[in-house]
Amino acid sequence: SAMKCDNCSGTTSSASPIFVDGDGGSVSGVSTYCIDGKTCTLTYRHPPCLLVQTSNIRYSDGYVALYVDSGDGYVLASDPGRKYGRNEVVVDQCFADLRGVRVTNTNRDGWIGEIKGSIDGKATYSALACDDCGSPTSSASPIVVDGDNTAPSSVSTYCIDGTNGNACTLTFGPFCVLAQTSNIRYSDGYVAIYVDSGDGYVLVSDPGRKYAKNQVVVDRCYTNLLSVKVANTNSDAWAGDIQVSKDYGATYSAMKCDNCGGTTSSASPIFVDGDNTAPSSVSTYCIDGTNGNACTLPFGPLCVLAQTSGMTHSDGYVGVYVDSGNGYVLVSDPSRKYEKNQVVVDRCYTNLLSVKVVNTNRNAWIGDIQVSK
């Protein structure tokens with residue numbers, strides 16, 4: 001899909017196509033342009049921002065200890081000894097990475113508030129999800145955090161019993177994995193699901209648990225997502241749907257299996273078994289788990305493709321810089337005249353924040369800058 005330009009001129013922001021020039025002006029047929037030697041930014045993902053604020057409902061003011069993991073482990077980000085008032089902001093901060101948030105309260109004066117995240121420069125926010133709250137819902141907007149062991153009646157997501165050391169983990173990210181047992185006959189069974197969000201595969205299901213029909217096995221979001229792996233060492237097979245979302249869980253699509261058996265690759269549904277017998281009811285299957293077989297459902301990485309257009313006068317000069325988490329790095333040759341239809345950049349990254357383009361030459365470049373996953 002086309003990248004969007006944050007600070008370009010023209011009537012559109014789509015970078016497919018985009019006109020990049022050292023001079024002023026524009027060109028017919030292109031409505032997005034970066035001119036006068038200006039450096040323009042095409043943002044894929046802004047650094048994640050966290051907003052934690054006390055609610056305005058009755059008895060919402062209270063105490064909360066909030067820890068943030070931005071890549072180096074959990075660090076305290078609130079004042080556990082301070083009673084936060086109604087509507088008071090507890091945390092409003094952006095991070096290079098946001099891997100998780102942990103909350104607890106050792107005080108019997110509970111806190112109610114909203115814990116939300118943003119990746120579009122604080123333009124919009126989405127609620128974080130609680131992995132282990134043990135409450136009817138997982139949305140942390142709102143959430144009750146209390147030292148008592150009494151579940152509240154007014155809010156359906158809660159983290160309680162903090163006086164006995166209980167703490168809850170909240171995750172945030174645009175990429176969400178949803179694995180759910182099907183409702184078809186014999187779908188209930190065992191499955192081990194591993195997720196690689198950038199640091200290798202981590203087990204996120206319970207391989208020793210028999211998941212019932214329609215039961216959710218995994219429902220987690222990540223700031224980065226590379227792939228999912230499934231296996232089953234039990235002869236009691238599991239059948240279900242493994243889907244992925246790129247928009248915080250608003251919409252989902254089936255993941256694809258790289259090395260599964262069957263006539264299709266869609267993991268919605270997928271059959272996972274320890275035996276070596278292919279099912280007749282599901283056309284994508286991962287079997288023979290008792291002999292160590294596991295199947296991979298890739299999702300990443302993120303790929304940037306910049307290519308010169310084929311239109312008149314599109315050949316020219318362009319500097320393309322990519323920020324994959326460690327600052328901008330030049331990935332094109334600004335002194336090279338790129339010909340029509342020539343590929344300027346075709347690279348993939350495990351993480352992608354933004355792209356910058358500039359041209360200090362009076363020979364303009366026109367092309368398409370796209371990102372795919």
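Placing dummy labels 7 Å off each Cα toward the beta-carbon, the span from K246 to V202 is 2.4 nm.
Residue pairs exceeding 27 angstrom between C-alpha atoms, taken from K213/K256; K122/K256; K122/K337: K122/K256; K122/K337. Projecting the Cα atoms of V191, Q307, M255 onto the charge dipole of the stretch 183-327 (Cβ charges, centred on the Cα centre) puts V191 farthest toward the positive pole.
Give, in nm to one decimal, the length gained when the segment between Y59 and N214 is fully stretched (0.36 nm per residue of separation minus the Cα-Cα distance). List each step's numbers first, then the result.
Values: separation 155, 0.36 × 155 = 55.80 nm, distance 3.67 nm.
Between Y59 and N214, full extension yields 52.1 nm more.
So for the stretch 218-281, averaging the separation of alpha carbon pairs under 8 Å that are six or more residues apart and normalising by length, what relative contact order in percent results? Value for the stretch 218-281: 38 percent. With R₀ fixed at 35 Å, the C-beta to C-beta distance from T233 to S154 puts the FRET efficiency at about 0.20. Under 16 Å Cα to Cα from K229, which aspartates and glutamates show up? Leave out anything in the same chain fewer than 8 places away. In chain and number order, the partners are D196, D199, D206, D219, D241, D258, D273, D288. At a probe radius of 1.4 angstrom, the accessible area of the chain per residue rounds to 44 square angstrom. Comparing W365, V343, V329 along the charge dipole axis of the stretch 315-366, the residue lying farthest to the positive side is W365, per the Cβ-charge model.
Compared with the alpha-carbon gap, the fully stretched path from N183 to N259 is longer by 24.9 nm at 0.36 nm per residue. Note on K38: lysines with a C-alpha under 18 Å away, same-chain residues under 8 apart excluded, are K4, K356. When the charge dipole of the chain is built from unit charges on Cβ atoms (+1 for Lys and Arg, -1 for Asp and Glu) and taken about the Cα centre, the candidate among L225, Y201, Y211 whose Cα reaches farthest toward its positive end is L225. Shape of the stretch 154-293 from its Cα gyration tensor (a ≥ b ≥ c, root eigenvalues): rounded if a/c is under 1.5, otherwise prolate when a/b > b/c, or oblate? Prolate is the answer for the stretch 154-293, as a/c is 1.5 or above and a/b outweighs b/c. Normalised by the number of residues in the stretch 19-110, the average gap of Cα pairs under 8 Å and 6 or more apart makes the relative contact order 29 percent.
Expressed as a whole percent, the accessible surface of the stretch 149-245 that belongs to carbon and sulfur atoms is 42, based on a 1.4 Å probe.
Using a/c under 1.5 as the rounded threshold, could you call the stretch 25-171 rounded, prolate or oblate? The axes a ≥ b ≥ c are square roots of the C-alpha gyration tensor eigenvalues, and prolate needs a/b larger than b/c, oblate otherwise. It is prolate, given that a/c is not under 1.5 and a/b is the larger ratio.
What lysines sit close enough to K116 to cross-link, taking a C-alpha to C-alpha distance under 19 Å and skipping anything fewer than 8 places away on the same chain? Answer for K116, where 19 Å is the Cα cut-off: K246, listed by chain and number. Across the chain, C-alpha contacts under 8 Å between residues 6 or more apart give a mean separation that, scaled by the residue count, equals a relative contact order of 16 percent.
At a Förster distance of 35 Å, what's the computed FRET efficiency of N291 paired with D131, Cβ-Cβ distance as r, to 0.05? Once the sixth-power term is evaluated, E becomes 0.65. Only Lys, Arg, Asp and Glu carry charge here, each on its Cβ (+1 for the first two, -1 for the last two); on that basis the chain has a dipole of about 480 debye about its Cα centre. Residue separation of N7 and R108 scaled by 0.36 nm, minus their Cα-Cα distance, works out to 31.4 nm of gained length. Computed from label points 7 Å out along Cα-Cβ, the spacing between D120 and N164 is 4.2 nm. Could you tell me which label, among (1) -0.31, -0.53, -0.88; (2) -0.64, -0.81, -0.98; (3) -0.23, -0.41, -0.77, carries the value of log10 I(q)/I(0) by the Debye sum over Cα atoms at q = 0.06, 0.08, 0.11 Å⁻¹ calculated for this structure? Label (1) holds the value from this structure.
The values are calculated or read from the model by the stated rules, or taken from the named source; none is laboratory data. None of the values given here were measured: they were computed from a predicted structure. A quick note on method: Cβ atoms are made from the backbone with ideal geometry, for glycine too, and the neighbour counts reach across all protein chains shown. Quick note on the areas: whole protein, heavy atoms, side chains included, nothing else; ligands and nucleic acids left out. Shrake-Rupley method; radii C 1.70, N 1.55, O 1.52, S 1.80 Å.
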